[in-house]
Amino acid sequence: MIGNSPSIRRIKDLINQVVDTDLNVLICGESGVGKELVARTLHHLSYRREHPLVKVNCAALPSELLESELFGYERGAFTGAIQPKPGKFELADKGTILLDEIGDMPVALQAKLLQVLQDSEFVRVGGVRNVHVNTWVISVTNHNLDEDVSTGRFREDFYYRINIIKIVVPPLRVRKEDISYLLEHFIRKYKGMSKGGVIDIPSKLEKVFAEYHWPGNVRELENYVRRLIVLEDADLLEEEILKSKGQQMPEDRSVAEIWMPDESLIKSVIDNCRHEMQIQFPSLKEIRKKSLARIEKVVIEEAIRRTKGNRKQAAQLLQISYKALLYKIKDFGVEVPDRDSSDGSLELKLPKELELF
Ligand SMILES: Nc1ncnc2c1ncn2[C@@H]1O[C@H](COP(=O)(O)OP(=O)(O)OP(=O)(O)O)[C@@H](O)[C@H]1O
Ligand SMILES: [Mg+2]
């Protein structure tokens, strides 16, 4: 893994800490940041490296096919099942299974997988025999699973099971010091594709790279290097990047002032919980849900205040979907003042079922 920014150094430390623990790891981050590379690094540094690393794309298949892909099937389990077939979990025995795009796994299958993670055994589709496996589970997603849990798209119990260690790979725009190392690495990797065998990135282009917001992250940078080596079209590339810079995200959190709820809020949350504890001893789950909801409510109110009641912009600021924000506004009873029209932006037309809020 190339990079020397504080966040990449922290990730490398974390990798070294968890590498032989067998604890389930969840890797999150935007598209192209290097999540799969982190997963592969974990496997190759672990004591499981001589055994297979088996990747399953949970978004690519409908629920039933994904189930037989993961757990295999017995002969006659369904039409066309002429021969029994082991699933990916069996193939990954003693090794690692990489559950890619786990955020897209159907909810019904999450329940089944939860059981497998608890017992380390399962039954093939159409089978009766328990199959026992010893597999390290690494899950990968570019979804915000906290949000998916709160809207019911992802099972909370499953989330806590796969998320024992969480590694968040930050976008390239917040760790621009890594760009020069990555450029050097990719030039070395692809220089064989160049007619002359060497390649120089013009300093003008390096400056453009440093100011760019990298929506496609490291993959985008890698593709640019490949293209430059083959086409040697630095001027054209520079022009294209400058054009797409105009579409930069309106609220870049990396440079925006970071607002945090103050300590008195945390204290009032605790006071509230203490009050409730006098009535009935709370479960941890209940406490987590209630305290989180209270803090989220204050943060949402602040976002609504800052955007002068513009819920679309507030959702962008909070980095959640517009629909999720509407859901939370209703759920937490957040008051939204009448819009101040001075910002001139347009409010989204609400879907019919949400018009009430
Ligand atoms: N730190 C890094 N050092 C070297 N190469 C990197 C690094 N980060 C990413 N890459 C390269 O960038 C490309 C994209 O990385 P990867 O496939 O791991 O991203 P991803 O987060 O899984 O993306 P997606 O969400 O689109 O699946 C790969 O070719 C990978 O090798
Ligand atoms: Mg990936």
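The values are calculated or read from the model by the stated rules, or taken from the named source; none is laboratory data. Everything numeric here is computed off the predicted structure, so don't read it as measured data. Here the Cβ is made from the backbone with ideal geometry for all residues, glycine too, and neighbour counts use every protein chain on show.
For this structure, a couple of remarks:
- Count of residues meeting criterion [hydroxyl-bearing (Ser, Thr, Tyr) and either touching a helix residue (DSSP H, G or I) at 6+ places or on another chain (Cβ under 6 Å) or within 16 Å of ligand 2 (Cβ to nearest atom) (or both)] in the range 1-14: 1
- Residue within the range 122-139 that is under 17 Å from Tyr160 (Cβ atoms), aliphatic (A, V, I, L, M) and either part of a loop (DSSP other than H, G, I, E, B) or in contact with a Cys (Cβ under 9 Å, 6 or more places away or on another chain) (or both) present: no
- Scanning the range 34-79 for residues that are part of a loop (DSSP other than H, G, I, E, B) and crowded, with 19+ Cβ neighbours inside 10 Å, we see that the one that is nearest to ligand 2 (Cβ to nearest atom) is Gly34.
- Among the residues of the range 97-138, just one is more than 14 Å from Asp157 (Cα to Cα), hydrophobic (A, V, I, L, M, F, W, C), touching a helix residue (DSSP H, G or I) at 6+ places or on another chain (Cβ under 8 Å) and surrounded by fewer than 18 Cβ atoms within 10 Å (Cβ to Cβ), namely Val123.
- Among residues of the range 15-33 being more than 16 Å from ligand 2 (Cβ to nearest atom) and touching a helix residue (DSSP H, G or I) at 6+ places or on another chain (Cβ under 9 Å), the one that is modelled with the lowest pLDDT is Asp20.
- Residue match in the range 84-104 (condition: in a loop (DSSP other than H, G, I, E, B), under 30 Å from Ser180 (Cα atoms) and not aliphatic (A, V, I, L, M)): yes
- Condition met for Asn4 (polar (S, T, N, Q), over 20 Å from the mean Cα position of the chain (by Cα) and closer than 30 Å to Leu182 by Cβ): yes
- Looking only at the range 233-265, and only at residues there that are surrounded by 15 or more Cβ atoms within 10 Å (Cβ to Cβ) and at pLDDT 70 or above, the one that is farthest from the chain's Cα centre (by Cα): Ala234
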